[in-house]
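The structure appears below as structure tokens.
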Amino acid sequence: MTKSEIALTVHQTSRPTGFPTPAHFRFVESPVPEPAPGTALVENLYWSVDPYHREMMDGDFELNAPLEGRALGRIVASRDPSLPEGEIVFHRSGWRTHSVVRPEEVRRLPHHDGVPLSAYLSVLGGTGLTAYVGLTRIARLREGDDVFVSAAAGGVGTATGRFAKLLGAGRLIGSAGSAEKVKYLTEHVGYDAAFDYRTAPVAELLAEAAPDGIDLFVDNVGGDQLGAAVGALRERGRVVRIGTVGQYNTPDAPPALFNHADVVEKSLRIEGFLVRDHRDAQEELYEFAVPRLRAGTLALDETVVDGFELIVEAFLSMLRGGNTGKILVRAAA
């Protein structure tokens, strides 16, 4: 078989303890599949690697089977009239170069002129939808709210920062894991203040960055940052819980410590959500973000890795904070 006739798929081979390594994955070669009646063959162009994949490695992903994940690809062979060849589609059968899909498994992308394809996996995809739903539906952001975001230099964190500013937030504070990321947040994303959470106790760093407190905490991490934020919240403050990436690789880490009386005495609200329960907000996100992308008032924060053969490396790098913004893998030209 020539290279163009070979399909590559990533399998998980064992369950990790702590941080996964390349040894927990393997690439499997097979002939490019033929679509059966009622399906179509998609040649994938972009893949998303996401923090939630780490949680799924502990039991949700079947071993020695293709991994799932968000992807964008072009239909190259179809045996269903609703899946025309040449169409670009979104689907969740990623971590493989070629996917066979049924109509109900794909979403055809809208044709928004001037919007890069990668945006549909970053600020217009699940990453952007998470940030948008967290701010608008869960937090119900009010104009002038002072907002603190953990993991602010990641995909959801950068989208949250940019959306919050566009929605009229007041002071915007972010935490990140390096001086370079802190600089990126304040110089490029629009954060008013940011700090490297590794340099001192988070409560001290947050008090310095937000001496008058905060109204809203968008939490991607948990742990000490959640504890510090609860202490800094003003009356009727809100916490939006998106993830606990700080514990994905250290499941035995102690839970966040905070003064539980604060929740009552300050009338706080702590609420988590899963973005899959808010798919109905997708069109609303397009209406909000697409005109701003075209106008240049909303920018993309993306780290793009070229070559499907680097998808495992990209995933492991993301878990260790090696990306700024949303990390994507792009098919080699």
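Each reported figure results from applying straightforward, stated rules to the coordinates on display, with no laboratory input. What you are looking at is a predicted structure, and each value in this text was computed from that prediction instead of being measured. A quick note on method: Cβ atoms are made from the backbone with ideal geometry, for glycine too, and the neighbour counts reach across all protein chains shown.
Radius of gyration (Cα atoms) of the chain, expressed as a multiple of 2.2 N^0.38 Å: 1.03. Sorting the Cα pairs of the stretch 1-148 by distance into bins of 5 Å, from 0 upward, gives 2, 9, 16, 17, 16, 15, 12, 7, 4, 2, 1, 0, 0 percent per bin. All Cα-Cα separations within the stretch 126-276 were binned at 5 Å from zero, giving a P(r) of 2, 10, 21, 25, 23, 13, 4, 1, each value a whole percent of the pairs. Charge dipole of the stretch 154-203 (Cα centre as origin; +1 on each Lys and Arg Cβ, -1 on each Asp and Glu Cβ, all else neutral): 100 debye, rounded to the nearest 20.
Lysine pairs in the chain with Cα distance under 28 Å, only those 8 or more apart or on different chains: how many are there? Don't jump to the answer; show the numbers that get you there.
Numbers: LYS165/LYS181; LYS165/LYS183; LYS165/LYS266; LYS165/LYS326; LYS181/LYS326; LYS183/LYS326.
Taking the Cα cut-off of 28 Å, the pair count is 6.
In a GNM of the chain with a 10 Å cut-off on Cα contacts, which of SER178, SER48, SER93 has the highest mean-square fluctuation? Most flexible of the set in this elastic network: SER178.
Going 7 Å from the Cα of LEU310 in the Cα-to-Cβ direction, what parts of the stretch 38-54 have a backbone nitrogen less than 17 Å from that spot? Once the point is set 7 Å along Cα→Cβ of LEU310, 45-50 turn out to lie under 17 Å by backbone N, inside the stretch 38-54. Using only side-chain charges placed at the Cβ, +1 for Lys and Arg and -1 for Asp and Glu, the dipole size of the chain relative to its Cα centre rounds to 220 debye.
With the simple spin-label model, which puts each label point 7 Å out from Cα in the Cβ direction, the ALA281 to ILE6 separation comes to 4.3 nm. With R₀ fixed at 51 Å, the C-beta to C-beta distance from GLU29 to GLU271 puts the FRET efficiency at about 0.65. Taking Lys and Arg as +1 and Asp and Glu as -1, the other residues whose beta-carbon sits under 13 Å from that of SER122 total +1.
Shown for HIS188, HIS111: other C-beta atoms within 10 Å of each C-beta, ranked fewest to most, produce the order HIS111, HIS188. Specify which residue in the list ALA77, LEU257, VAL10 is farthest towards the positive end of the charge dipole of the chain, using unit charges on the beta carbon of Lys, Arg (+1) and Asp, Glu (-1), about the Cα centre. Of ALA77, LEU257, VAL10, it is ALA77.
Classify the stretch 155-215 as rounded, prolate or oblate, taking a ≥ b ≥ c as the square roots of the eigenvalues of its Cα gyration tensor: rounded when a/c is under 1.5, otherwise prolate if a/b is larger than b/c and oblate if not. Oblate shape, in that a/c is at least 1.5 and b/c is the bigger or equal ratio.
About its Cα centre, the dipole of the stretch 126-276 is roughly 600 debye, where the only charges are +1 on Lys and Arg Cβ and -1 on Asp and Glu Cβ. Here the scattering of the stretch 1-78 is modelled by Debye summation over its C-alpha atoms, one equal scatterer each and no solvent; at q = 0.14, 0.25 Å⁻¹ the log10 of I(q)/I(0) is -0.56, -1.25.
222 nm [θ] for the chain, helices only, -39500 (n - 2.57) per DSSP H run of 4+, per residue, to 500?
Numbers: 10 runs with 82 residues, N = 333.
Rounded to the nearest 500, the figure is -6500 deg cm²/dmol.
Contact order for the chain, expressed relative to its length and based on alpha carbon pairs under 8 Å spaced 6+ residues apart, stands at 17 percent.
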